[in-house]
Amino acid sequence: MSADHPHLAERLIVKPSSKVSLHEADANESHGYTKDTAAKPTLDDLARLTSLQERLFAEQKHPILVVLQGIDTSGKDGTIRHVMSALNPQGCWIAGFGVPTAVESAHDYLWRIHAQTPANGEIVVFNRSHYESVLVVRVHDLVPEAQWRPRFAQINAFEELLAAEGTTIVKFFLHIDRDEQRQRLQARYDDPTKHWKFKMGDLEERKRWDDYTAAYEDVLSRCSTDAAPWYVVPANRKWFRNLAIGEILADRLEALKPEYPVVELPPNLVIA
């Protein structure tokens, strides 16, 4: 990392107990990078991820949970396609959380989440997550505030439990601005090959932009902890989003110092 480009984690992390204002966060910020200067470090970080994941999977010691959150069109799927492509599916998979099923609704809201958390050596990516239980339920008034408000502390306790048991939790909020969302929705509408991604309901959700912003500010302010910090990633520029997430995730995995296990084999073995 050059002096001109310090570690992005230091710039993007939400410090515990800090107050987040998304209105003041520039979704176009690229921290000194251009698309051209970001290209090589992005590829280098993807190569690091490939190597680190192989050692993690071989070592079978560390579970890794990656949480992706963001408003509609913020780039969660694009992140999975471009960054997580560096990972071997044998040891990595995606868990998405939509509307709870009848069985899931009959349990507490974290029941279905806990079942998808990673085992040793695995990387699990949550495409949306347990945070929907303090986001969409709040914005749409699906449960009373007296029910969702205590969930901030419950979620912190849940993540602290996972971390205490050895899980590394890396949470990314993909931050785009309202005009960028408008352009992305329009592009989906205009391109016949993207019609499958366009839903009229997205336009209704867009009307709730301010409500979602307030809800996300609470999530980021209340649920960034030492055990499970949030990173607010400026995501208007997709290339910077990929750079930041690739670098931060690779740095977090590298800090675990995964190693190939030492295996005792018979000496001088010649396989016929």
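The values are calculated or read from the model by the stated rules, or taken from the named source; none is laboratory data. Since we're looking at a predicted model, the values are computed, not measured. Note that each Cβ is placed from the backbone with ideal geometry, even for glycine, and that neighbours are counted across all protein chains shown.
On the given criteria, is Ile169 among the β-branched types (Val, Ile, Thr) and in contact with an Asp or Glu (Cβ under 6 Å, 6 or more places away or on another chain)? Steps first, answer last, please.
Values: among the β-branched types (Val, Ile, Thr): yes; in contact with an Asp or Glu (Cβ under 6 Å, 6 or more places away or on another chain): yes.
So Ile169 fits the description; yes.
In region 217-264, which residue that is of a type in the set (Val, Ile, Thr) and modelled with pLDDT of 95 or more is nearest to Val83 (Cα to Cα)? Give the derivation first.
First, the residues of region 217-264 that are of a type in the set (Val, Ile, Thr): 219, 225, 232-233, 245, 248, 262-263.
This time we only want the ones that are modelled with pLDDT of 95 or more, so: 219, 225, 232-233, 245, 248.
Details: Val219: 24, Thr225: 24, Val232: 17, Val233: 14, Ile245: 7, Ile248: 11 Å.
This residue is Ile245.
When the residues of region 117-153 are narrowed to those that are crowded, with 16+ Cβ neighbours inside 10 Å and without any contact (Cβ under 8 Å) to a residue 24 or more places away in the chain, which ends up nearest to Leu49 (Cα to Cα)?
The extreme case among them is Val136.
Does Ser30 satisfy the condition of being among the small types (Gly, Ala, Ser), at pLDDT 95 or above and surrounded by 15 or more Cβ atoms within 10 Å (Cβ to Cβ)?
Numbers: among the small types (Gly, Ala, Ser): yes; at pLDDT 95 or above: yes; surrounded by 15 or more Cβ atoms within 10 Å (Cβ to Cβ): yes.
Yes; evaluated as a whole, the condition is true for this residue.
Could you please let me know if Tyr109 is crowded, with 20+ Cβ neighbours inside 10 Å, over 17 Å from the mean Cα position of the chain (by Cα), over 28 Å from Tyr131 (Cα atoms) and of a type in the set (Phe, Trp, Tyr)? Quick ask: steps written out before the conclusion?
On the way: crowded, with 20+ Cβ neighbours inside 10 Å: yes; over 17 Å from the mean Cα position of the chain (by Cα): yes; over 28 Å from Tyr131 (Cα atoms): no; of a type in the set (Phe, Trp, Tyr): yes.
For Tyr109, the condition - crowded, with 20+ Cβ neighbours inside 10 Å, over 17 Å from the mean Cα position of the chain (by Cα), over 28 Å from Tyr131 (Cα atoms) and of a type in the set (Phe, Trp, Tyr) - is not met.
For Pro100, all conditions in the list (1) under 17 Å from Tyr260 (Cα atoms); (2) touching a helix residue (DSSP H, G or I) at 6+ places or on another chain (Cβ under 8 Å); (3) surrounded by fewer than 18 Cβ atoms within 10 Å (Cβ to Cβ) hold save one; what is the number of the exception?
All conditions pass for Pro100, except number (1).
If you check every pair at least six apart or on different chains, which have Cβ atoms under 8 Å apart with a residue in region 64-88 that is farther than 24 Å from Leu22 by Cα first and a residue that is among the hydroxyl-bearing types (Ser, Thr, Tyr) second?
Close Cβ pairs (under 8 Å, with a partner that is among the hydroxyl-bearing types (Ser, Thr, Tyr)) amount to Ile64/Thr167; Ile64/Thr168; Leu65/Thr117; Leu65/Thr167; Leu65/Thr168; Ala86/Thr50; Leu87/Thr50; Asn88/Thr50.
Closer than 23 Å to Val125 by Cα, in contact (Cβ under 8 Å) with a residue 40 or more places away in the chain, within 19 Å of the chain's Cα centre (by Cα) and crowded, with 16+ Cβ neighbours inside 10 Å: is that true of Leu49 in this structure? Give the steps one after another, and end with the answer.
Values: closer than 23 Å to Val125 by Cα: yes; in contact (Cβ under 8 Å) with a residue 40 or more places away in the chain: yes; within 19 Å of the chain's Cα centre (by Cα): yes; crowded, with 16+ Cβ neighbours inside 10 Å: yes.
Yes.
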